[in-house]
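Here's the structure we're looking at; comments come further down.
The values are calculated or read from the model by the stated rules, or taken from the named source; none is laboratory data. This is a predicted model, so every value here is computed, not measured. Glycine gets a Cβ as well: all are built from the backbone with ideal geometry, and neighbour counts include every protein chain shown.
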Amino acid sequence: MNGEKIYKVGIYIRLSREDGDDGESESVENQRDILHKFINERENFELVDEYVDDGFTGTNFDRPDFKRLIKDIELGRIDTVITKDLSRFRVETI
């Protein structure tokens, strides 16, 4: 690894009830596969944990695994968060 920094990675996956009708491309399993492939292609990424909020809206931060993710960042357990796209992570306005 040539002295490269090792990133302690947490992956965040969210699928709201509304997303469930969008088909397989937005499924939890598909998001997981995409993220694992991305991490496995990088030698300096170490997957520490997965955070999955299945069935939770993106309109607020009241999501159990999102809260656990933030706590693990604060504790220094992870230093990098990877998600399929920002719509999975952020609060969406309606």
Please give the number of the condition I78 fails out of (1) assigned to a loop (DSSP other than H, G, I, E, B); (2) surrounded by fewer than 18 Cβ atoms within 10 Å (Cβ to Cβ); (3) at pLDDT 95 or above.
(2)
Selection status of R14, at pLDDT below 95, buried (at least 17 other Cβ atoms within 10 Å of the Cβ) and outside any helix (DSSP H, G or I)
yes
Determine whether the stretch 47-65 contains at least one residue that is assigned to a helix (DSSP H, G or I) and either under 18 Å from D85 (Cβ atoms) or modelled with pLDDT of 95 or more (or both).
yes
